[in-house]
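Okay, structure first, notes after.
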């Protein structure tokens, strides 16, 4: 079994506009893709990401009036970047394109197939509660990522990977700062889980491997 460590840059910022709070993550997550075949998936694949995934933006609902105005969460760019870098380590040869290739383009590229990445679900919630003289924030995040792999003959298979995390914060400054720190941590952990599970499904899918397992 081979473990491929992929450093994925999640340079996201959580903005709780009620207090003008921006909190970037302290450490980029590391994805461990476990490959039982001891080699990347062979062939040439074209990678497409759905626009909804690349422009992923959500308004975070909060239970505190102090941080209740236009709390936007923009994670499309870092998630798209992380997905691209992860897939580059799963497949031997990956061609990144904005739009799906035509049949003629696939033939010209001598491509094995097309991978289409998509967002299946993304939910966030941020709750606050008072603990004597300080506030407590609880951030809940869930995400499910999907991948459709279509071969040159038009046969398609679907894969998915998801994650869900709950992170509690009690220290860090103002109510908004505590909430932003908790939300940032929950997003990082959830994305790491979803990316690892999706990459693991693809890397170990026997239908994408023409040869036997290499011990």
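Screening residue 98 against (1) over 19 Å from residue 158 (Cα atoms); (2) modelled with pLDDT of 90 or more; (3) not in a loop (DSSP other than H, G, I, E, B) leaves a single unmet condition, (3).
Mind listing whichever residues of region 138-183 are outside any strand (DSSP E or B) and at pLDDT below 85? Those that are outside any strand (DSSP E or B) and at pLDDT below 85: 170, 171, 172, 173, 174, 175, 176, 177, 178, 179, 180, 181.
In summary, residue 106 fulfils each of the numbered conditions (1) buried (at least 18 other Cβ atoms within 10 Å of the Cβ); (2) modelled with pLDDT of 90 or more; (3) under 26 Å from the mean Cα position of the chain (by Cα) with the single exception of condition (3).
Each row is one residue, and each column tells you yes or no for (1) in a strand (DSSP E or B); (2) at pLDDT below 90.
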site	(1), (2)
11	no, yes
18	no, yes
28	no, yes
32	yes, yes
46	yes, no
66	no, yes
82	no, yes
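Within region 174-181, does at least one residue satisfy the condition of being touching a helix residue (DSSP H, G or I) at 6+ places or on another chain (Cβ under 7 Å), surrounded by fewer than 18 Cβ atoms within 10 Å (Cβ to Cβ) and touching a residue at least 40 places away in the same chain (Cβ under 8 Å)? Among the residues of region 174-181, not one is touching a helix residue (DSSP H, G or I) at 6+ places or on another chain (Cβ under 7 Å), surrounded by fewer than 18 Cβ atoms within 10 Å (Cβ to Cβ) and touching a residue at least 40 places away in the same chain (Cβ under 8 Å), which makes the answer no.
The values are calculated or read from the model by the stated rules, or taken from the named source; none is laboratory data. Keep in mind the model is a prediction, meaning the values are calculated, not measured. Neighbour counts are summed over all protein chains in view; Cβ atoms, including those assigned to glycine, are modelled from backbone coordinates with ideal geometry.
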